[in-house]
Amino acid sequence: MTKRKARIQLILLGVLIVVLGVLSVLKDVPIGKTDYDYNGFVNVIKLGLDLKGGVYAVFSVTDDDPTEAAIDGTVENLRRTLFNKGYTEATVVKQLDR
């Protein structure tokens with residue numbers, strides 16, 4: 001392969017990489033005279049908590065003698081609240097340290 005051919009291939013590869021990089025991050029670009037918009041694939045991929053970042057929270061009971069029903073109700077309220085806010089993969093665990 002000659003140096004000239006290698007340079008041309010390298011330049012074409014670089015241009016292709018730049019074009020694909022730009023196309024991957026574009027958002028809501030209208031496509032000609034259609035009703036469709038182009039969305040880059042980076043904006044379409046939903047990230048899980050392991051990639052987006054997660055939250056770990058601990059709720060402690062301060063009552064001296066809590067009832068089991070009160071604790072279970074609190075756990076269920078937390079689950080329902082998280083689910084309604086869109087955190088469908090959230091885990092709520094009751095742990096007894098007595």
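The values are calculated or read from the model by the stated rules, or taken from the named source; none is laboratory data. The model shown is predicted, which means the values in this text are computed figures rather than measured ones. When we count neighbours, we look across all protein chains shown, and the Cβ atoms used for this are built from the backbone with ideal geometry, even at glycine.
Structure notes:
- Pairs, first surrounded by fewer than 12 Cβ atoms within 10 Å (Cβ to Cβ) in the range 72-83, second of a type outside the set (A, V, I, L, M, F, W, C), C-beta under 8 Å, six or more apart: D72/K94
- Odd one out for R7 among (1) closer than 26 Å to Y87 by Cβ; (2) part of a helix (DSSP H, G or I): (1)
- Members of the range 84-98 found to be of a type in the set (A, V, I, L, M) and surrounded by 10 or more Cβ atoms within 10 Å (Cβ to Cβ), listed by number: A90, V92
- Reported count of residues in the range 62-71, each being in a loop (DSSP other than H, G, I, E, B), surrounded by 10 or more Cβ atoms within 10 Å (Cβ to Cβ) and modelled with pLDDT of 85 or more, is 0.
- Within the range 25-49, the only residue that satisfies the criterion of being surrounded by 10 or more Cβ atoms within 10 Å (Cβ to Cβ) and touching a residue at least 24 places away in the same chain (Cβ under 8 Å) is L49.
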